[in-house]
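K.L.:
Take this structure first; my questions come after.
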Amino acid sequence: MADAHYELPELAELYDVDGGWSEDREFYLRLAGTEPIDVLELGCGTGLIARAMARAGHRVTGIDPAQAMLDVGRRASDGDRVTWVPASAQDFQLDKRFDLIFMTGHAFQVLLDDEDITAALANIRRHLAPDGTFAFETRNPALPWEILFDKVDVLLTAAGPVPVEWTVLWRRGEFVRFDTRYRLAGGDRISESTLRFLPHDRVENLLADAGFEIRSVFGDWDRTAFAPETSREIIVVAGNPG
Ligand SMILES: C[S@@+](CC[C@H](N)C(=O)[O-])C[C@H]1O[C@@H](n2cnc3c(N)ncnc32)[C@H](O)[C@@H]1O
């Protein structure tokens, strides 16, 4: 079950207003290259990137367990260019292999225990073409996310401004628990979230155990090499062993 901001239609509608285009999305679009390939996005949400890749000529499948997010993507003007599948990273089953599988928007961090991560990685490996690429990012736990996540913003929607407040309730070990409060005209909606922040060596071990070969680990979207103490992101590009 995904968080309320992905499951409730009135909150899923706000995602693209919140999200827009950004350098992380550009990173994955470039990773797909210019020749048409088979792409799978796990945790695609409304498919902002999936739809951009489809517009660029790629054959794109988007998977997400939150029906409300998939519905927003389907209804978008270019939504018919993507194959939408309601499923989680752990349990999707497709009769196809992909040249690029990616998971972004920090969707990897919703996988809260090793069992879920191991199931997702095994599933991804089964669906990856022999010379395919798997890429994803997770936030570097070295940074004070319990401070960085506390913020306020205002979403400018067609129906008027929607104030949003993020409040961290606690940080314990690898986990951060926070609420997102949306002040909608009809009343407040609160989405409760817990994310896991794995250190880079654990990420690398889990990938190795799943049989992946790591090709690059970046610390930022400009492809700066990962620096354990300071990088904001752990961006991993992996594949089958060569
Ligand atoms: C922050 S959104 C990212 C959406 C999109 N990738 C983007 O970057 O715009 C995280 C997405 O992960 C999805 N999600 C939650 N649990 C998941 C799971 N077990 N497997 C795959 N996706 C999941 C949520 O429903 C949500 O749409």
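Computed from the coordinates by the stated procedures, all read-outs in this text should not be read as laboratory data. It should be emphasised that the depicted structure is a prediction, and the values quoted were computed from it without experimental measurement. All Cβ positions, glycine included, derive from the backbone under ideal geometry; neighbour counts span all protein chains shown.
K.L.:
Which of the helices in the chain, when you take each full DSSP H run, stretch at least 15 Å along the axis at their Cα atoms and have an average Kyte-Doolittle score of 1.6 or higher?
P.N.:
Correct list, ordered by number: empty.
K.L.:
Roughly how many nanometres apart are two label points built 7 Å out from the Cα toward the Cβ at GLN93 and THR224?
P.N.:
4.5 nm
K.L.:
Of ALA4, ILE124, TRP170, whose Cα points farthest to the positive end of the dipole of the chain (charges on the beta-carbon: +1 Lys, Arg; -1 Asp, Glu; origin at the Cα centre)?
P.N.:
ILE124
K.L.:
For region 79-104 and region 138-162, what is the separation of their Cα centres, given in Å?
P.N.:
Distance between centres, Cα-based: 27 Å.
K.L.:
Further question: Subtracting the Cα-Cα distance from 0.36 nm times the residue separation, let me have the gained length for ARG215 to ARG202 in nm, one decimal.
P.N.:
3.1 nm
K.L.:
Another question about this same structure. Expressed as a rounded percentage, what relative contact order does region 1-159 have, with Cα pairs under 8 Å and six or more residues apart?
P.N.:
About 22 percent, as a whole number.
K.L.:
Which Cα, out of TYR182, THR224, PRO86, lies furthest along the positive dipole direction of the chain (beta carbon charges, K/R +1, D/E -1)?
P.N.:
The listed residue farthest towards the positive side: PRO86.
K.L.:
Moving to a separate point now. How large is Rg over Rh for region 145-196, taking Rg from the Cα atoms and Rh as the Kirkwood inverse mean of 1/r across Cα pairs?
P.N.:
1.06
K.L.:
Also, I was wondering about something else. Please give the residues of region 98-135, grouped as numeric ranges, whose backbone N is less than 17 Å from a label point set 7 Å along the Cα-to-Cβ vector of GLN67.
P.N.:
none
K.L.:
Over all alpha-carbon pairs of region 1-139, lay out the pair-distance distribution in 5 Å bins, whole %, shortest bin first.
P.N.:
Percent of Cα pairs in each bin: 2, 11, 22, 25, 22, 13, 5, 1, 0.
K.L.:
With charges set only on the Cβ (+1 for Lys and Arg, -1 for Asp and Glu), what does the dipole of the chain come to about its Cα centre, in debye to the nearest 20?
P.N.:
The calculation lands at about 340 debye.
K.L.:
Taking 0.36 nm per intervening residue step and subtracting the Cα-Cα distance, what contour gain separates GLU192 from HIS106 on full extension?
P.N.:
Length gained, GLU192 through HIS106: 29.4 nm.
K.L.:
Pull out the extension gain between TRP21 and LYS151, defined as 0.36 nm times the separation in residues minus the alpha carbon to alpha carbon distance; nm, one decimal.
P.N.:
Here the answer is 44.8 nm.
K.L.:
If I histogram all Cα-Cα distances within the chain using bins 10 Å wide from 0, what percent of pairs lands in each bin?
P.N.:
In order of increasing distance, the bins hold 7, 31, 38, 20, 3, 0 percent.
K.L.:
Please give the charge dipole size of region 121-208, origin at the Cα centre, charges +1 on K and R Cβ atoms and -1 on D and E Cβ atoms. Round to the nearest 20 debye.
P.N.:
Here region 121-208 has a charge dipole of around 200 debye.
K.L.:
Calculate how many DSSP beta bridges within the chain are antiparallel, expressed in % of all such bridges and rounded to the nearest 5. List each step's numbers first, then the result.
P.N.:
Working: 38 of 57 bridges.
DSSP beta bridges in the chain are roughly 65 percent antiparallel.
K.L.:
Can you give the relative contact order of region 145-196 as a percent, counting alpha carbon pairs under 8 Å and 6+ residues apart?
P.N.:
Relative contact order, region 145-196: 27 percent.
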